[in-house]
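The values are calculated or read from the model by the stated rules, or taken from the named source; none is laboratory data. The structure displayed is predicted, hence computed values, not measured ones. Because the Cβ atoms are built from the backbone with ideal geometry, glycine has one as well, and the counts that use them run over all protein chains shown. Only protein heavy atoms, including side chains, enter the accessible area calculation; ligands, DNA and RNA are left aside. Shrake-Rupley method; radii C 1.70, N 1.55, O 1.52, S 1.80 Å.
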Amino acid sequence: MPRPLAPGSIVDCHTHTRFSDGVGTFEENARAAVAAGCAVLVSTDHLTLPEAMDPTGSVQVVEGELVAHRAAWEAAREAHPALEMVFGFECDWYPGCEENVMRWSAGAQVRLGSVHWLGEQDDGAWIDDVNDQHIWRELGPDEVWRRYVDAWCAACESPLPFDTMAHPDLPERMRNEGFPATIDLAPLWDRMVACAHDTGRRVELSTAGWRKGVGDWYPAHGLLERFCHAGVPITVGSDGHRPEDLCDGITRAYAHAWEVGYRFVEVPRADGSWESMPLQ
């Protein structure tokens with residue numbers, strides 16, 4: 001049985017290594033987490049993707065490295081017995097992904113659901129690639145937002161066992177790149193909240209927006225308030241892609257969640273269970 005967690009313990013539910021698009025090893029991430037006072041560290045490298053979506057394998061754990069990926073995680077876990085490590089993946093949703101996700105994520109204790117890709121596998125685009133903004137120029141930010149919410153709700157409604165929906169309002173990543181929405185986002189937010197509530201999903205409060213030039217949390221204050229009022233539970237994560245980013249802003253995120261109205265955050269444990277941890 002995992003050790004009981006003290007209220008307000010540092011838990012990071014979203015982290016990456018160089019097996020996907022991060023820069024650190026599992027060992028480096030574990031050492032950084034220990035130094036930050038982390039109690040529970042969840043590894044969530046980007047799951048394997050179809051070749052058409054990532055021909056170079058630069059943002060995913062490619063299929064041929066899945067075994068080595070798990071072995072490296074196990075080695076770091078054994079080397080740091082005082083740190084509770086939980087094995088997972090960030091699983092991109094795209095049309096027809098269900099069989100792929102279940103096959104490639106076999107053995108994961110946590111699956112983060114996320115939407116980065118709009119369109120079909122062989123005819124779509126990444127929405128948060130600052131070096132390739134053609135979808136934003138072609139569709140305009142308002143239409144990207146509409147299609148993103150359509151895809152996000154489809155991910156929520158899918159049969160996939162997503163434990164948490166990561167960074168729910170990811171299109172905000174491009175606001176300060178010159179693509180702010182011009183429409184009132186509240187109706188789209190309300191769709192997302194209703195969908196998360198009706199499908200029983202958790203959503204993630206992410207600190208990454210502060211490091212990526214968004215100048216806000218994911219989700220934005222108004223959207224997080226709506227999730228809270230609807231009774232949608234939250235997890236908290238850094239989405240750290242460098243060892244020094246792990247656990248970044250977690251305690252501030254707890255304070256922010258408290259101010260919005262949350263009194264608990266959801267935490268996955270190493271035995272596969274979940275618990276509600278009180279905020280201080």
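Cβ-Cβ distances below 9 Å connect the following pairs, each with a first residue in segment 225-249 that is at positive phi, a second residue that is surrounded by 21 or more Cβ atoms within 10 Å (Cβ to Cβ) and of a type in the set (D, E, K, R), and a separation of six or more residues or different chains: Asp239/Glu90; Asp239/Glu204; Asp239/Asp245; Cys247/Asp12. Scan segment 155-163 and give yes if some residue there is in contact with a Pro (Cβ under 6 Å, 6 or more places away or on another chain) and outside any loop (DSSP other than H, G, I, E, B), otherwise no. Taking every residue of segment 155-163 in turn, none turns out to be in contact with a Pro (Cβ under 6 Å, 6 or more places away or on another chain) and outside any loop (DSSP other than H, G, I, E, B). Looking at the structure I just gave you, is Ala257 under 25 Å from Pro161 (Cβ atoms), aliphatic (A, V, I, L, M) and part of a helix (DSSP H, G or I)? So Ala257 fits the description; yes. Contact map, segment 152-167: first residue closer than 11 Å to Thr235 by Cβ, second residue outside any helix (DSSP H, G or I) and among the polar types (S, T, N, Q), Cβ cut-off under 9 Å, separation 6 or more or different chains; pairs are Asp163/Gln109; Asp163/Thr235; Thr164/Thr235; Met165/Ser114; Ala166/Thr44; Ala166/Ser114; Ala166/Ser206; Ala166/Thr235. Scanning segment 10-21 finds one or more residues that are open to solvent by less than 10 Å² (accessible area, probe 1.4 Å), of a type in the set (Asp, Glu) and not in a loop (DSSP other than H, G, I, E, B).
Is it the case that segment 180-194 has a residue that's in contact with a strand residue (DSSP E or B) (Cβ under 8 Å, 6 or more places away or on another chain), open to solvent by less than 10 Å² (accessible area, probe 1.4 Å) and either of a type outside the set (Gly, Ala, Ser) or on the phi < 0 side of the Ramachandran plot (or both)?
At the first step, the residues of segment 180-194 found to be in contact with a strand residue (DSSP E or B) (Cβ under 8 Å, 6 or more places away or on another chain) are none.
Looking for residues that are in contact with a strand residue (DSSP E or B) (Cβ under 8 Å, 6 or more places away or on another chain), open to solvent by less than 10 Å² (accessible area, probe 1.4 Å) and either of a type outside the set (Gly, Ala, Ser) or on the phi < 0 side of the Ramachandran plot (or both), one finds none in segment 180-194, hence no.
Scanning segment 22-36 for residues that are open to solvent by 10 Å² or more (accessible area, probe 1.4 Å), of a type in the set (A, V, I, L, M) and touching a residue at least 60 places away in the same chain (Cβ under 8 Å) returns Val23, Ala32, Ala36. The set of residues in segment 60-70 that are open to solvent by less than 60 Å² (accessible area, probe 1.4 Å) and in a helix (DSSP H, G or I) comprises Leu66, Ala68, His69.
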